[in-house]
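Heads up, the thing below is written out as structure tokens.
The values are calculated or read from the model by the stated rules, or taken from the named source; none is laboratory data. Note that the coordinates shown come from a computational prediction; the quantities given were computed from them, not determined experimentally. Quick reminder, even Gly has a Cβ in these numbers, built from the backbone with ideal geometry, and neighbours come from all protein chains shown. Remember, those area values only see protein heavy atoms, side chains included, never the ligands or the DNA or RNA. Shrake-Rupley method; radii C 1.70, N 1.55, O 1.52, S 1.80 Å.
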Amino acid sequence: MNPAVGLAAFVGVALATAAIGFYGLRISRTTGDFYVASRTVRPWWNASAIGGEYLSAASFLGVAGLILLTGTDALWFPVGYTAGYLMLLLFVAAPLRRSGAYTIPDFTEARLQSKAVRRVTSLVVVAVGWLYIVPQLHGAGLTIRISTGLPSWVGSIAVIVVVCLTVVAGGMRSITFVQAFQYWLKLTALAVPVVFLLMHQADAGMPALAEASSNPTGLPAAGLYQTVSLLVALLFGTLGLPHVLVRFYTNPDGQSARRTTLIVLGLLSVFYLFPTASGLLGRVFAPELARNGQPDALVLLLPGKLLGGVPGDLLSALVVAGAFAAFLSTTSGLVVSLAGVISQDLLGGSVRGFRVAALLAAVVPLSFAFTTDSTALAGSIGLVFAFTASTLCPVLLLGIWWRGLSDTGAIAGMSTGAVLCGGALVASTFMGSSVAPGWLAQPAAWTVPAAFGVMVLVSRATKHRIPSTVTRLMTRLHVPERPLATKRPPGTKRQLR
């Protein structure tokens, strides 16, 4: 890849992101603008922004890389990523929006009337956010190294700088515009090269697709336990992702939150067609990337390998731009969600506190990125989903749908999930993913039921801890908002709640 082309693509995305972010600054004036965009984001805008922040390094680079490595086994990743939003639509989106909270800790405190639950939830949210940001920085380092030849740390620092500028400038209002733009850029950056490469190879004489079924690495197929555990992690983990959930607080009402989720399902379904096609092309034309330990670079290198020359450089530049859009949009969403939690718990919840918290939320994972490395982006994100499914998901689902949840039960369940899942992931990391048994490498199948079970059992043993306000709050969560008046005096505008 031509280094100048790769650098130009990155600079172009960074400038566009900064320009859109500073446009958002012009209309970000209140605390509500910074935290939840004053709850005025309409479904199509919000769905595009959710797609922008949810489609991370794992989706843009990692899915194609895993398909290159393991073939059809990797298709469970896009299936799980997308199906998780169906569960959001059914169980979480509308009730969470009706809660009126700014953050997940706000919701748990209001539901259980407990400062202790809020503190534990805040710690878990921060841990999940930081764990999720680190793979984005690894992906940025990989992309900048391959596209420009610069050291990996340049990509990580560049992402943090751009994200801090946009988030600190305009908060949620600002990044809503940025992330919506970045979803469509990412979709274009994958779709256009795939279409051109398929057309080129069709003209050149495509080899038999049966070659795509060959295994370039000799890795064994995933067993039933690993597949089930992965799906549990992806389906339930989506329900607890803090940067996704905070976006539902920006909808005007519960009905628009449901409509947003339905649109997101469509956007994700379309997007995942293209990394899947890239992985298939890689198994046919670039199996050496799997053997050389570069599967996550497949999407970046494929245009240059199959086309070369100016067309290859132009398509490669588009892919690099999309990759950096993925890193920037996901990291900015995570930083906003973490800044909301940190600023409200430690810095008073003001706009100034939000900005200081945003800087803290971005800099800490950068230090972890410098001391760690990841060669399997989708797999590392899958582990974060397992941790989220074992901690935040149970307290959200039970808090929304079960009157019997107590604050003691919530703390016990989250703590159990964090200790069991975190311990399994640390143990498997030290042992090595190729050596660790499947129940350690993919722990969600047993850590998620354990967290739910402990939460239920402890809550039943502490019924006296159930707050007296539970009936009123549960009614608020599940009774649809009253429809706005259909007749309004001439010249008046529809008012938002």
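Remarks
- Dipole-positive endmost among ALA321, ILE104, ALA127 within the chain (Cβ charges, Cα centre): ILE104
- Scalar couplings 3J(HN,Hα) for the range 358-365, obtained by applying the Karplus form with A = 6.51, B = -1.76, C = 1.60 to θ = phi - 60°, are 4, 4, 5, 5, 8, 6, 4, x Hz; x denotes Gly and Pro.
- Over the range 123-190, all Cα pairs binned in 10 Å intervals from 0 give whole-percent P(r) values of 18, 38, 39, 4, listed from short to long.
- In this rough spin-label picture, where each label sits 7 Å from Cα along the Cβ direction, the ALA116-VAL310 distance is 7.0 nm.
- Net length gained if the chain between LEU457 and LEU75 were fully extended (0.36 nm per residue, minus Cα distance): 133.9 nm
- Summarising the label geometry, the points placed 7 Å from Cα in the beta-carbon direction at PHE368 and ALA202 lie 4.5 nm from one another.
- Rounded to two decimals, the Cα-based Rg/Rh of the range 257-309, with Kirkwood Rh, is 1.19.
- By the helix-only formula, in which each DSSP H run with n ≥ 4 contributes -39500 (n - 2.57) and the sum is divided by residues, the chain has a 222 nm mean residue ellipticity of -25000 deg cm²/dmol.
- Per-atom-type breakdown for the range 249-351 gives carbon and sulfur 63% of the accessible area (1.4 Å probe, protein chains only).
- Ranking of ASP373, ASP345, ASP407 by solvent-accessible surface, largest first: ASP373, ASP345, ASP407 (1.4 Å probe, protein heavy atoms only, all chains present).
- In order along the range 452-466, phi translates into HN-Hα couplings of 4, x, 5, 4, 6, 5, 5, 5, 5, 7, 10, 4, 5, 8, 5 Hz, rounded to whole numbers, per the Karplus curve 6.51 cos²θ - 1.76 cosθ + 1.60 with θ = phi - 60° and x for Gly and Pro.
- Whole-Hz ³J(HN,Hα) from phi, Karplus 6.51 cos²θ - 1.76 cosθ + 1.60, for the range 102-110, glycine and proline x: 8, 9, 4, x, 4, 5, 5, 5, 5
- In the frame of its principal axes, the range 236-383 has Cα extents of 54, 41, 32 Å, reported largest first.
- With R₀ set to 51 Å, the beta-carbon distance separating PHE22 from VAL426 gives a calculated FRET efficiency near 0.80.
- When only Cα pairs below 8 angstrom with a gap of at least 6 residues are kept, the range 253-323 shows a relative contact order of 20 percent.
- Pairwise inverse Cα distances across the chain, averaged and inverted, put the Kirkwood hydrodynamic radius at 22.9 Å.
- The length gained on full extension between VAL228 and PHE91, counted as 0.36 nm times the residue separation minus their Cα-Cα distance, comes to 47.2 nm.
- Relative contact order, whole percent, for the chain stands at 30, derived from Cα pairs under 8 Å and 6 or more residues apart.
- The range 117-195 versus the range 280-336: alpha-carbon centroid distance in Å: 16
- Apolar share of the accessible surface for the range 123-193: 84 percent from carbon plus sulfur atoms, 1.4 Å probe.
- Of the peptides 70-77, 153-160, 223-230, the ranking by mean beta-carbon count within 10 Å, highest at the top, reads 153-160, 70-77, 223-230.
- In the context of the full set of protein chains, the range 35-131 has a per residue accessible area of 28 Å² (1.4 Å probe).
- Short-range pairs are left out: with C-alpha atoms under 8 Å and at least six residues apart, the relative contact order of the range 390-451 is 46 percent.
- Evaluated with a Cβ-only charge set (Lys, Arg +1; Asp, Glu -1), the range 250-345 carries a dipole of roughly 260 debye about its Cα centre, given to the nearest 20.
- Accessible surface for PHE370 stands near 110 Å², nearest 10, in the context of the full protein assembly shown (1.4 Å probe).
- Dipole magnitude for the chain: about 2380 debye, using +1 per Lys or Arg Cβ and -1 per Asp or Glu Cβ, origin at the Cα centre.
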